[in-house]
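Heads up: the structure comes next, in structure tokens.
The values are calculated or read from the model by the stated rules, or taken from the named source; none is laboratory data. Just so it is clear, the model here is predicted, and its values are computed rather than measured. When we count neighbours, we look across all protein chains shown, and the Cβ atoms used for this are built from the backbone with ideal geometry, even at glycine.
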């Protein structure tokens, strides 16, 4: 049983209905937080929120005009929602590029902007951005994703500098490939652009740079999220925590 270190805190997790987001929502709830599960999948968000005794927010984070008018009262914000598009730059659809940037960089900015007044007023806040090893390293065929994650790293550091005097921390978590539906959907695309069978994608593409030859589990990411959300991590800010099996050690 997890210690109730987050009693009295309200947490919001984007992309919270599945994958890393669902694991984070469960872990934060287990530690006592009241969790808002935010996801475009209304039914999935509602089901998980009901399971956890939290609330659901059916939201399309690509509707950035609507997000600009939002005000949030959460103590912990986990920016996790993401999409992927794999294509050579010369073939990359510009609209698809914009969607990735909007969802994974502009939307986190708008949510942070919406949450900071409440956090500042209470002298406590935790911004936790689920970045990626691609926030500090690049891979071919992922120009939009790598650009968005590199931008998220910068946004997180600026938030840390501005929030420090108000009791607000901001950090990134940088996992390698995590066992999620998003990663599973990449296998066919990776096979296509690399010209290899799908059965070889894990060994020849996804895990080739990792010293530990397995996927990261969502619960491993959630455990780090929960620690960063706690009082114990009050002096941890502006940091990027790799969880990539040694990929970025190269």
Self-check item: Lone qualifier among 126, 137 - being under 22 Å from residue 38 (Cβ atoms), more than 13 Å from the chain's Cα centre (by Cα), touching a residue at least 60 places away in the same chain (Cβ under 8 Å) and not in a helix (DSSP H, G or I)
Solution: 126
Quiz item: From the set of residues in the stretch 6-22 that are closer than 14 Å to residue 54 by Cβ, in contact (Cβ under 8 Å) with a residue 40 or more places away in the chain and crowded, with 24+ Cβ neighbours inside 10 Å, which is farthest from the chain's Cα centre (by Cα)?
Solution: 6
Exercise. State yes or no: is residue 220 touching a strand residue (DSSP E or B) at 6+ places or on another chain (Cβ under 7 Å), at pLDDT 95 or above, surrounded by fewer than 21 Cβ atoms within 10 Å (Cβ to Cβ) and not in a loop (DSSP other than H, G, I, E, B)?
Key: yes
Exercise. Taking residue 115 as the residue in question, decide whether it is in contact with a strand residue (DSSP E or B) (Cβ under 6 Å, 6 or more places away or on another chain), in a helix (DSSP H, G or I), closer than 30 Å to residue 233 by Cα and in contact (Cβ under 8 Å) with a residue 40 or more places away in the chain.
Key: yes
Practice problem: Of the numbered conditions (1) more than 18 Å from residue 21 (Cα to Cα); (2) modelled with pLDDT under 95, residue 144 fails exactly one; give the number of that condition. | Solution: (2)
Quiz item: Which condition number does residue 56 fail, the rest of (1) touching a residue at least 24 places away in the same chain (Cβ under 8 Å); (2) surrounded by 17 or more Cβ atoms within 10 Å (Cβ to Cβ) being met?
Solution: (1)
Practice problem: Given the conditions (1) in contact (Cβ under 8 Å) with a residue 24 or more places away in the chain; (2) part of a loop (DSSP other than H, G, I, E, B); (3) more than 30 Å from residue 5 (Cβ to Cβ), report the number of the one that residue 237 does not fulfil. | Solution: (3)
Quiz prompt | Residues that are crowded, with 19+ Cβ neighbours inside 10 Å, in a helix (DSSP H, G or I) and either on the phi > 0 side of the Ramachandran plot or touching a strand residue (DSSP E or B) at 6+ places or on another chain (Cβ under 8 Å) (or both), drawn from the stretch 154-190 | solution = 155, 156, 159, 160, 163
Practice problem: Count, please, the residues in the stretch 191-205 that happen to be surrounded by 18 or more Cβ atoms within 10 Å (Cβ to Cβ) and out of contact with any helix residue (DSSP H, G or I) (no Cβ under 6 Å at 6 or more places or on another chain). | Solution: 0
Quiz item: Quick check, is residue 248 in a helix (DSSP H, G or I), modelled with pLDDT of 90 or more and either farther than 25 Å from residue 128 by Cβ or more than 14 Å from the chain's Cα centre (by Cα) (or both)?
Solution: yes
